[in-house]
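The values are calculated or read from the model by the stated rules, or taken from the named source; none is laboratory data. Since the model is a prediction, treat every value here as computed from it, not as a measurement. Using ideal geometry, Cβ is built from the backbone for each residue, glycine included, and neighbour counts are taken over all protein chains shown. Side chains are part of the model used for accessible areas, which takes the heavy atoms of the whole protein and leaves out ligands, DNA and RNA. Shrake-Rupley method; radii C 1.70, N 1.55, O 1.52, S 1.80 Å.
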Amino acid sequence: MNFWRGAAFGLSVMALSACAGPMADVVSKRSDPTVQLSGMKTFHAPPPAAGVARSNLDVFEEFLDLTFALESGQDLTKLSRFEGPITVALVNPTHQVVGQDLDRLIKRLQTEANIPISRVQTAAAANIVIEMVSKRQLRRAAPTAACIVVPRMSSWAEFRKNRFNRRADWTSLEVRSRAAVFMPRDISPQDARDCLHEELAQAIGPLNDLYRLPDSVFNDDNFHIVLTPYDMMILRAMYAPELHSGMAKHEVAAVLPRILARVNPQGAGLAPLHRQESPGSWVRKIEIALGPDASDKTRIEAAADAVRIAQQLGMTDHRLGFSYYARARVTAATNGVEAAADYARAYANFSKIFGPYDIHTAQAGLQMASLAMSSGEFRQALQFIESGLITAKTAQNGRLMFSLLAMKAEIYKLAGRTDEATALRTEAVAWGQYGIHPPSEINKRLDFIANLPPRLPQKES
């Protein structure tokens, strides 16, 4: 249940024109003609399936933490899952792409997680109902959530009547038989797809999120937005025949090593990392910094505290990079120079841990590319852009594809490669239609990117 989905571009890149230093004073307004929207691009092929290069000793600990606790930190005493075939219905879809993305997700769950799940046409015949409601309705019920999943429900009307009683309580559940996913209608197709992946996975699988996971949607840092090979492995293990609803934690722990040896043979001989659990103090600061309710001052202070806690506790993994990234996001509007430094720190952290072709690195690289463009360092910007494009396609992030392609188009235009620039810009718009809402926002972002490169002041005649 992520609380900052969809904001990755707006708060950071669009505020970083202030980071260009002295060159920012010579940028002049350039307005390209209004874009005519063409055919939307979507992702058809599933992400590459692969084993998980993680010690099964680590996965063992992660599986238990994912399945025997809620995001709130409350412990669960018993394993719960669906027993038997699972049916899913989609109600009130706003775009045919949403249904197509759901069909692709269900196919992946069948083939990669070995879960007997299928789509049906009516809510009455479904174990899981996915209903699209207005963003205003959803925010009234769950102010900090982009989308939500609840047990024992089949409709928004049923949820409104019962959301404060025990029917909506996951802790009282032993066997899952019904669940409902609620997501806003007024979002981009990509954001709808992201909700499908995360909330359907939680409807049938783990109910917890862990910031220590670097390669999972079961992580509120929101870098991974479609189910990863790790996630499919966790779901496959959860629906292994050795497990069943009602098992206690120690009973699951007794059979889990055998299950993991089967579902992830690659992890059998690897040394464990034993990543430390994310401290509650750090998690609270991150949630305040990136949440919607605090003042700017409070958010900036919380982000600074998150960095300090990560440093003091020796959290040198991706969570330190995420702390820098979060601080950059909340300080970009008021202190562009410091935000740029934090994005550079985040990029260095992610690059060291993950290499150049990971979604963490690519998201920080987007900011580095915008900074390089603002300083007129176009060759350096292209280096960030090219590696980011490879990663964005693999991670199926159309919004990131839009930003990177639009930047590349602007650089090519300035280099006189007009035809290539036009083609790149057209492709960017096609991805923007999938990743950005409302569509009118596409033109605003294109105009902003067109104004990133410095322009020499015109001489007075």
Asserting the computed 222 nm helical MRE of the chain (DSSP H runs at least 4 long, -39500 (n - 2.57) per run, divided by residue count, to nearest 500) equals -15500 deg cm²/dmol
If Lys and Arg each add +1 and Asp and Glu each add -1, what is the summed charge of the other residues whose beta carbon sits under 13 Å from the beta carbon of Ala261?
+2
Which FRET efficiency value, to the nearest 0.05, is calculated for Ala271 and Thr77 with the Förster distance at 35 angstrom and r the Cβ-Cβ distance?
0.65
What ranking do 69-76, 167-174 get when scored by the average of other Cβ atoms within 10 Å per residue, highest first?
167-174, 69-76
Roughly to the nearest percent, how much of the accessible area of region 125-222 is carbon and sulfur, given a 1.4 Å probe?
45 percent
What pairs from Lys41/Lys444; Lys107/Lys161; Lys135/Lys408; Lys41/Lys393; Lys135/Lys161; Lys107/Lys249 go past 22 Å between their alpha carbons?
Lys107/Lys161; Lys135/Lys408; Lys107/Lys249
For Glu174 and His244, extending 7 Å from Cα along the Cα-Cβ vector and measuring point to point gives, in nm, a value of 1.2 nm
Run the 1.4 Å probe and let me know the accessible area of His437, rounded to the nearest 10 Å².
90 Å²
Compute the distance in nm between two label points, each set 7 Å from the Cα along the Cα-to-Cβ direction, one at Thr394 and one at Ala348.
2.4 nm
Among the complete DSSP H segments of the chain, which ones combine at least 18 Å of alpha-carbon extent along their axis with a mean Kyte-Doolittle hydropathy of 0.0 or more?
249-263, 336-354, 359-374, 378-394, 398-414
Using a 1.4 Å probe on the protein heavy atoms, what percent of the accessible area of region 320-461 belongs to carbon and sulfur?
52 percent
Using the heavy atoms of the protein chains alone and a 1.4 angstrom probe, what is the accessible area of the chain per residue in square angstrom?
42 Å²
Given R₀ = 51 Å, FRET efficiency for Ala49-Lys444 by Cβ-Cβ distance, to 0.05?
0.85
